[in-house]
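Student: Submitted below is the structure of interest, expressed as structure tokens.
No lab work stands behind these numbers, since they all come straight from the coordinates. These numbers were taken from a predicted model, which means no experiment stands behind them. Here Cβ is always computed from backbone atoms with ideal geometry, including for glycine, and neighbour counts include all displayed protein chains.
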Amino acid sequence: MAGEKARPRPLVAGNWKMNGLRSALAEAKAVADALAARSAPCPADVLICPPATLVMVMSEILKGTPVAIGAQDCHTEVSGAHTGDLSAEILVDAGATAIIVGHSERRADHDETDNYVHAKQRAVLRSGCLSIVCIGETAGQRRAGQTLDVVVRQLERSLDEGSTSFNTVIAYEPVWAIGTGLTPTVEDVAEVHAAIRDRLTSRFGDEGLAMRILYGGSVKPQNARELMHVPNVDGALVGGASLKAADFLGIIAAYG
């Protein structure tokens, strides 16, 4: 398996999903204020991906703070007759610096295939934005012993050849752990992240070694320190715990 060089700078990203009215801006501002008040710079990059309705206002409110703003999805095209959809370019224009693609909820609820996720990632790369590409197995696939096969297949089919350590982040989220309170063992996480790293380095060489691989799935302050220091875990994609400033800051604190 691929050995590790110096670890990439960690990324802690919050995915607010379909949560967050304008009143939730106070939570994001509290995170930014707390990080700005640190005596030393934050040792991790911090990102919040709110609903699309809040991307512009949050990017304006948090401009110049340690918190960047991203989006949760995008369309594959630049523009056109796609009512209700938003292109990567529109989201970047609104202030997004990163866009999540291929989240398990999009794959399940909207029947998004690996090929479609690939097209969306290509759109994010086209826009100059950071792509966060999600992969992960279901409970049934896990019980059948298919975890590594599923994860590597999704990784292979979802990633564009233009992926680099500067424009791409991988997020491994075991689907069965999202929002359930369940988490894999440290050994399970290490095994999957090592397999992801091996495939990335095999395909992209040194760029694959430098790509950040996030862990997501019931990450909370109580387990963050243990999970964030597993080999090849370069941060977290956080769901529910990112909605409350205290919880999100508790996860970020895993890095000191």
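Student: Calculated from DSSP H runs of 4 or more alone, at -39500 (n - 2.57) each and per residue, what is the 222 nm mean residue ellipticity of the chain, nearest 500? Kindly include the intermediate steps, with their values, before the conclusion.
Tutor: On the way: 11 runs with 106 residues, N = 256.
Helices in the chain give a 222 nm mean residue ellipticity of -12000 deg cm²/dmol.
Student: Right, here's the next one. Given the options Thr83, Thr185, Thr168, state which has the largest fluctuation in a GNM of the chain using a 10 Å cut-off (strictly under) for Cα springs.
Tutor: Looking only at Thr83, Thr185, Thr168, the largest GNM fluctuation is found for Thr83.
Student: State the extension gain, in nm to one decimal, for the chain segment bounded by Ser165 and Asp109, taking 0.36 nm per residue of separation less the distance between their alpha-carbons.
Tutor: Numbers: separation 56, 0.36 × 56 = 20.16 nm, distance 2.91 nm.
Value of the extension gain: 17.2 nm.
Student: Hey, got the dipole for the chain? About the Cα centre, +1 on K and R Cβ, -1 on D and E Cβ, debye to the nearest 20? Don't skip to the end; give the middle numbers.
Tutor: Details: 24 positive and 30 negative charges, 102 e Å.
The calculated dipole for the chain is roughly 480 debye.
Student: So which lysines pass the test for Lys63, namely a Cα distance under 26 Å, with those fewer than 8 places away in the same chain ruled out?
Tutor: List returned: Lys17, Lys29, Lys244.
Student: Between rounded, prolate and oblate, where does the chain land on the alpha carbon gyration tensor, with a ≥ b ≥ c its root eigenvalues, rounded for a/c under 1.5, else prolate if a/b exceeds b/c? Let's see the in-between values first.
Tutor: On the way: a/c = 1.43, a/b = 1.11, b/c = 1.30.
Rounded is the answer for the chain, as its axis ratio a/c remains below 1.5.
Student: Right, next: Using label points projected 7 Å from each Cα along Cα→Cβ, tell me how many nm separate Glu187 and Thr65, to one decimal.
Tutor: Calculated label separation equals 4.2 nm.
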